[in-house]
Amino acid sequence: MTAVRNLYAEFVRTFGNVLFAVSLFVVWGILTLIGVVVDQGQDPSAYFAAYSAPIARAIVRLSFDNVYHSPWYVGIIGLILLSLTVCTFKRVIPARLPPLRAVKIDAMPLHAFLDVAGDPAAVRAQVAAFFRKRGWQLRERLLGGAEWTFCDKHNWARRGVLIAHLGFVIVAAGTTLYWARGFSGQVPIVTGRSVTIPQTKALIRLNRFRYTIDPIATKSGIVYQPIDYVSHVTVVGKSGIPKNEVVRVNHPIDIDGTLYYQASYGFGIRFAVTHDGKPVPALADRTYLEGETLDLPGSARSIVYQRFVPTVDRATGAPTADPRVNNPAAILTVQADGGALGTALVPMRSWIDVGGGWRVTPARYVLYSGFQYRYDPGIPLVGIGAFVLLAGLIISFYLLPARLYVRVDPAPVGARVGVAATTVKGYDLYENEFAQLVVQLRGATQ
Amino acid sequence: MPIDQALMAIAIAAYVLGALALVVYFFSREEWLRNFGAALAIAGCVAQFAQLIARFELTGVWPLLNLYGSLSLFAAMSVAIFIGFAFRYNLWFAGGFLLAIAAIALAYGTTWNEGTMPPVPSLQSYWAKIHVPIVVSSYAAFLVSFVFSGIYLLKYYAERAFATRALAAGATGGAAAATAGNAPAAAANLGFDISLGVRNDTPAIDAATAGGNPVAGWLAALPSLPALDTIVYRAVAIGLPLISIGIITGAMWAKEAWGAYWQWDPKETAALASWIIYLMYMHLHTRHGWRGLRTSWVSVIGFASIVFCYLGVNIWISGLHSYKT
Ligand code: HEM
């Protein structure tokens, strides 16, 4: 039993220590920075290409390639929440909301004694009136036979830290809710086609996609600046009623609580394939997106559609950076038995000989629009938490709750007023204000 | 020369001249130099805001969406926050350092001036007008805290050096060490507000000042260590809520533009790392034994993280936020 009690005491001592919390922040900060420096979510081979083998191995083994969803990251947030809870109850509340108690005035760094002529009771009333007039909240207590007056400023703001900590907990709860109940995904939709979103069963048809790009002359050459991406869609949600909508960047649409965003666009290709000079109509109907593979039936050969080139320089035949379509081509890789035989830039409507009697022509390009969708039931909590946290920060940083311990004792002549001050942020910040207060008190009582 | 470029040139010239005046003031303590430097700082700052407005009027494009405009606001806000602090706590002596950094930021910013570009679709949002100025202002507040933590550390380590020297002199029979404890507090004062602590916490510097050491004399004229620590704290107390609001508004914008309020994009993640460092600062500052020397170092590290978040991520790491993509 005592072993368990000792263990608990040890746990409370460690997790309730601000320096322990700060050490957790250090680890949190380092893990966060790892994710900035190391590209996230790449294929393991990318790390072996970018770093030396031992470092790449460490990145992959320690999940630093997806650090924000790694056990380390979730674990450190968990430890911070635990520490925050223990600390709040064991340290912050007792320290910030101390009971009214007698103190040794001359042992406090900020203190002063004033000798005042007059009856102690009258002086006490005079002192109380002085502080009340300046907005201090007064409470009187009889402690150890002496009459104490406790004066507080911004007493309510002592809870600022609690508010900040609560805000952090609410944000954490909101993000957990997304993990537990939310989902997100990406879906490309080719012009003229419909897609059903697996999680929501919503149907989206892309009627038209339009983009605007302006060439702009800058000091470092022509820059092709995207100006607008617009998708005209028809959507069918739970109600079953089709609705026409427009999706643009910064203007998502909401279908039954799930939001759909304009995320990307690209060019799909329809291929015309012939085998021994005869068209193969079965392959003509599908639109291939960048990165997709066209398998030639009954053959070990295939074509990978790598990338669309909107503009090929007519003079040199080389791809240009111009993203507007003006003499387009496709970059295609021919594969046999899974291995690459070669890659070529194939202009639209010209063909590539794949061997074995197969010829492939990129016949037509079709624009597709990439949508991102997301259902996040945690958003209201994260939003509320963020504002609570912010309010807590502002209260904690801009209000300085101070407490004065005031005692008026009979003196050989008249009365002796003792005043000591504490604040939630130590004494330095309050040194001068306290000095001024004492000067004013002296002026008011003499 | 177009009006905005003329204003930019005026601002840079005012900062360079103001920095010179205030550096000389730091050593000479000539009142008129302080007033001259302060006037130049204010003139430069006003010219900068006028420049940003003129650019917006001339081009119709929100001027903060590239590094040129954003560094310009950074310099202007740093100087503006510093002017506020300097008036409130009489800290003009530090203006030389700050104006020099502002001038460098501006001069560097002009190398990123690509001319007028319409913003890419994700930046065409009213959030650009809210989020960017807030984030840049938080960086500016952190610059001010960085400058004063630098001065804190300078004074702290100088005190240690003087104490060691006094001890060594004492060991060889000198009386310097004996006088160190009861030397008068800094005789010469640059006139800053006494509200910022008057405790004599640098006895070795004070003793050396009394002994006629000129370097110690300059150091003694700086605010006391707790006063410097308080200034750093107050600047961080401006920066931390601002960067928190910046992260929150950024998340709201991201939710609208990219579909998720948090994408672990390098920029937002680097901002989170800086936020964590300043959170450490604030927590350590609640501990008596950690306040001062250690928190000043945390503030220095925090500002390094801000520089990384601001420039490093934009220039070296491409992501959704990079101005290059
Ligand atoms: C990310 C989460 C956290 C936030 C946003 C936060 C925020 C704050 C703020 C604003 C203060 C007031 C600082 C001041 O008065 O100058 C504070 C103080 C404090 N925090 Fe946190 N904190 C967090 C995590 C933690 C954790 C994990 C612990 C647990 C060990 C902790 C323990 C404390 C303590 C003990 C104080 C000082 C209270 C006092 O001295 O009166 N905090 N925190």
key: Cα-projected label distance for A:Thr218 with B:Trp32, points at 7 Å along beta-carbon direction, nm   = 4.8
request  = With r as the distance between the Cβ atoms of B:Ala304 and B:Tyr126 and R0 = 35 Å, compute the FRET efficiency 1/(1 + (r/R0)^6) and round to 0.05.
outcome  = 0.60
request  = Mind grabbing the accessible area of A:Ile216 for me, 1.4 Å probe, Å², rounded to tens?
outcome  = 20
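In whole percent, how big is the carbon plus sulfur part of the accessible area of chain A, probe 1.4 Å, protein atoms only?
On the way: 13180 of 22370 Å².
The value for chain A is 59 percent carbon and sulfur by accessible area.
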message = Cut-off 10 angstrom, C-alpha nodes, Gaussian network model of chain A. Which of A:Ala46, A:Ala340, A:Ala157 fluctuates the most?
response = A:Ala46
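Kindly state, to the nearest 0.05, the FRET efficiency for A:Ala58 paired with A:Ala122, given R0 = 60 Å and r defined as their beta-carbon distance.
For A:Ala58 and A:Ala122, the calculated efficiency is 0.20.
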task = Please work out the C-alpha center-to-center distance from segment B:148-162 to segment A:53-68 and express it in whole Å.
result = 41
note = Computed, not fitted: 222 nm per-residue ellipticity of the protein assembly as shown from DSSP H runs ≥ 4 (each -39500 (n - 2.57)), nearest 500, equal to -16000 deg cm²/dmol
query = Accessible area of B:Met252, 1.4 Å probe, to the nearest 10 Å²?
reply = 80
query = Roughly how many Å is it from the Cα centre of segment A:212-252 to that of segment A:277-335, as a whole number?
reply = 25
key: Proximal charge balance of A:Val36 [Cβ under 10 Å; K/R count +1, D/E count -1]   = -2
message = Can you classify segment A:160-227 as rounded, prolate or oblate using the Cα gyration tensor, where a ≥ b ≥ c are the square roots of its eigenvalues, rounded means a/c under 1.5, and otherwise it's prolate if a/b beats b/c and oblate if not?
response = oblate
Cα-projected label distance for B:Arg88 with A:Ser350, points at 7 Å along beta-carbon direction, nm = 6.9
task = Kindly state, to the nearest 0.05, the FRET efficiency for A:Asp115 paired with A:Tyr398, given R0 = 25 Å and r defined as their beta-carbon distance.
result = 0.10
inquiry  = Give me the extension gain from B:Leu293 to B:Ala161: residue separation times 0.36 nm, minus the current Cα-Cα distance, reported in nm with one decimal.
reply    = 46.0 nm
task = For segment A:84-98, just list the computed ³J(HN,Hα) in residue order, Karplus coefficients 6.51, -1.76 and 1.60, θ = phi - 60°, integers in Hz, with x standing in for Gly and Pro.
result = 4, 5, 4, 4, 4, 7, 8, 10, 5, 5, x, 6, 7, 10, x
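The values are calculated or read from the model by the stated rules, or taken from the named source; none is laboratory data. All values reported here derive from a predicted model rather than from experimental measurement. Heads up, the Cβs are rebuilt from the backbone with ideal geometry, glycines too, and the neighbour counts pull from every protein chain shown. Side chains are part of the model used for accessible areas, which takes the heavy atoms of the whole protein and leaves out ligands, DNA and RNA. Shrake-Rupley method; radii C 1.70, N 1.55, O 1.52, S 1.80 Å.
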